[in-house]
Amino acid sequence: MRAYIFDKYGYYEDEEFATEFDYQGWHFKLEKTDKTEQELSDLNDYLKKMENLFFGSGVSIIKNRDGNFLSVADFGNCALVSVKDYNLSANDLLKLHIYFKNEEKEAKYTIKEMAKLWEDKIDLIEERILPSFKIDDYSYEKIMTTIIFAIGLAENALQYLAELILDYGDNIENLTLVHKRFYQFSSYEFFSPFNLVIDSPMRDLAELYKSGFIDNQRLLQLLSNYNPSTKEVGLLIARILYPTPLFDILDEYYTLKKDMKLQILEYKEKASKFLETVKNLEKLLVEYYNIRPIKWMNE
């Protein structure tokens, strides 16, 4: 990989097999992509809005020696992204959400579309991933228990989405630029074009919460900046229930054929404590935002 990055881009990294590296205050990462050259060019143009909003962020897709954004490697198509190191705060997240809410006024997204993605993921796990674990593995029972627990949370989250549609309708309002995941809350995660999507700002708050960057009280403080509707807070609690951390681990296990048993078991160790925290949060959200109570959390 080191030779490939040097041949394509002229950067020489220290680690032979690494796909990302730091250089003079910038973080570079080679990202796999299914986008075309034109789509990458358009995406890079879109990033200029981000650069103008956060002056000096330095986010861009780097052209290779051939003058193209898209590069072809043995493992597939890829693109090199650069982001300047940047000290982030919650105010930056709010700033992003407010600015791109105005930029994305014509965007459309529904709860049913969101639920379909979740349902497809559950189907994949039940039909393909669960059967791929060997029953004679010493950790098989613990792994199955953990995954079934997570699927139960996901199905409860889906039920909550269905109730939101009944109560408030299908459309998701106040769409803006948000992130697929927050596992580090780093400048690279924040600015990377391959981590950006159009969705409710509640998605970002849910991801920060599930990754452990904010607790119940901090979440309530951040929510006050958005003046959210009951429906939006309902979307927040549903997203918090949906177990993306474990499902992402299972994705990596299935698609990359990596041994992820340790990560799955670590999730199991944290799951019970996390659920207790969410139960306390649910009570606060019922009190402050009048969301529909989740019955099984109060039994």
*For Y46 and R181, what does the FRET efficiency come to when R0 = 22 Å and r is the distance between their Cβ atoms, rounded to the nearest 0.05?*
0.70
*Quote the convex hull volume per residue of the range 121-193, based on C-alpha atoms, as a whole number of Å³.*
152
*Summarise the accessible area of the range 136-277 (1.4 Å probe, protein heavy atoms) by the percent that is carbon and sulfur.*
51
*asked:* So, for the range 218-299, what is the accessible surface per residue at a probe of 1.4 Å, expressed in square angstrom?
replied: 53
*Hey, can you grab everything whose amide H is under 5 Å from the amide H of W26? Only 5+ residues off in sequence or another chain; H modelled, so Pro and N-termini drop out.*
D85
*Could I have the simple spin-label model distance between E37 and E127, label points 7 Å from Cα toward Cβ, reported in nm to one decimal?*
3.7
*K108: which lysines have alpha carbons under 29 Å from its alpha carbon, excluding same-chain residues fewer than 8 sequence positions away?*
K32, K35, K48, K49, K95, K116, K121, K180, K210, K231
*Pick out the long, greasy-scoring helices in the chain: whole DSSP H runs spanning 18 Å or more along their own axis by Cα, mean Kyte-Doolittle at least 0.5.*
140-168
_Ellipticity estimate at 222 nm from DSSP helix runs (n ≥ 4, -39,500 (n - 2.57)) divided over the chain, nearest 500_ = -17500 deg cm²/dmol
*For the range 231-249 versus the range 134-163, the gap between their alpha-carbon centres in whole angstrom*: 14
*Starting with the highest mean, order 7-18, 284-295, 187-198, 151-162 by the number of other Cβ atoms within 10 Å, averaged over the residues of each peptide.*
187-198, 151-162, 284-295, 7-18
*Could you give the dipole magnitude of the range 1-112 about its Cα centre, charging the beta-carbon of Lys and Arg +1 and that of Asp and Glu -1, in debye to the nearest 20?*
540
_I'd like to know which of I198, I125, T230 lies farthest towards the positive end of the charge dipole of the chain, counting +1 on Cβ of Lys and Arg and -1 on Cβ of Asp and Glu._
T230
_Relative contact order of the chain, pairs being alpha-carbon contacts under 8 Å that are 6 or more residues apart, as %_ = 15
_With +1 on the Cβ of every Lys and Arg and -1 on the Cβ of every Asp and Glu, and nothing else charged, how large is the dipole of the range 155-283 about its Cα centre, in debye rounded to the nearest 20?_
360
_the range 1-114, Rg to Rh (Cα coordinates; Rh as Kirkwood inverse mean 1/r)_ = 1.02
_Can you give me the % of accessible surface on the range 1-132 that is carbon or sulfur? Probe 1.4 Å, all protein chains present, nothing else counted._
47
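The values are calculated or read from the model by the stated rules, or taken from the named source; none is laboratory data. Remember, it's a predicted structure, so these values are computed and weren't measured experimentally. Cβ: placed from backbone, ideal geometry, glycine included. Neighbour counts: every protein chain shown. Just so you know, the surface numbers come from the protein's heavy atoms only, side chains and all, with ligands and any DNA or RNA stripped out. Shrake-Rupley method; radii C 1.70, N 1.55, O 1.52, S 1.80 Å.
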